[in-house]
Amino acid sequence: MPDDEKILIESITSPHHTERVNKAKYMAMRHALLAALPEGAPGLTVAEANIATLPHLSEIEFPGGARA
């Protein structure tokens, strides 16, 4: 997959708001977040999720957790 390949994502909080993002980084972050989320309630706060995703991030896309 080319480094500059983009995909269109839609905001879940702002209907009809879309943005083009880097596909590789988006998929790496998605994978990390899904791996970090607990199976049951109550889930994670945004701050907790930011910390919990770090060990699951791709070193290729986010070296040392940079710009995560």
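The values are calculated or read from the model by the stated rules, or taken from the named source; none is laboratory data. Quantities reported herein were computed from a predicted structural model and do not represent experimental measurements. So basically every Cβ, Gly included, is an ideal-geometry build from the backbone, and we count neighbours across all protein chains shown. Surface areas here come from the heavy atoms of the whole protein model, side chains and all, with no ligands, DNA or RNA. Shrake-Rupley method; radii C 1.70, N 1.55, O 1.52, S 1.80 Å.
Between LYS6 and LYS23, the built amide H atoms are under 5 Å apart, and every one of these is 5 or more places off in sequence or on another chain.
Assigning unit charges at the beta carbon (Lys, Arg +1; Asp, Glu -1) and nothing else, what dipole magnitude in debye, to the nearest 20, does the chain show about its Cα centre? Before the final figure, lay out each step's value.
Values: 6 positive and 9 negative charges, 19 e Å.
Dipole about the Cα centre, nearest 20: 80 debye.
Sorting the segments 58-66, 37-45, 19-27 by their mean number of nearby beta carbons within 10 angstrom, highest to lowest, gives 19-27, 58-66, 37-45. State the label only: which of (i) 0.94; (ii) 1.17; (iii) 1.00 corresponds to Rg/Rh (Cα atoms, Kirkwood Rh) computed from the shown model? It is the one labelled (iii). Each residue of region 18-31 was assigned a 3J(HN,Hα) from its phi angle through the Karplus expression (A = 6.51, B = -1.76, C = 1.60, θ = phi - 60°), giving 10, 8, 8, 10, 5, 5, 4, 5, 4, 5, 5, 5, 4, 4 Hz with x at Gly and Pro. With all protein chains kept in place, the per residue accessible area of the chain amounts to 79 square angstrom at a probe of 1.4 angstrom. Using a probe radius of 1.4 angstrom, the carbon and sulfur fraction of the accessible surface of the chain is 57%. For ALA47 and SER11, the FRET efficiency from 1/(1 + (r/R0)^6), where r spans their Cβ atoms and R0 equals 22 Å, is about 0.65.
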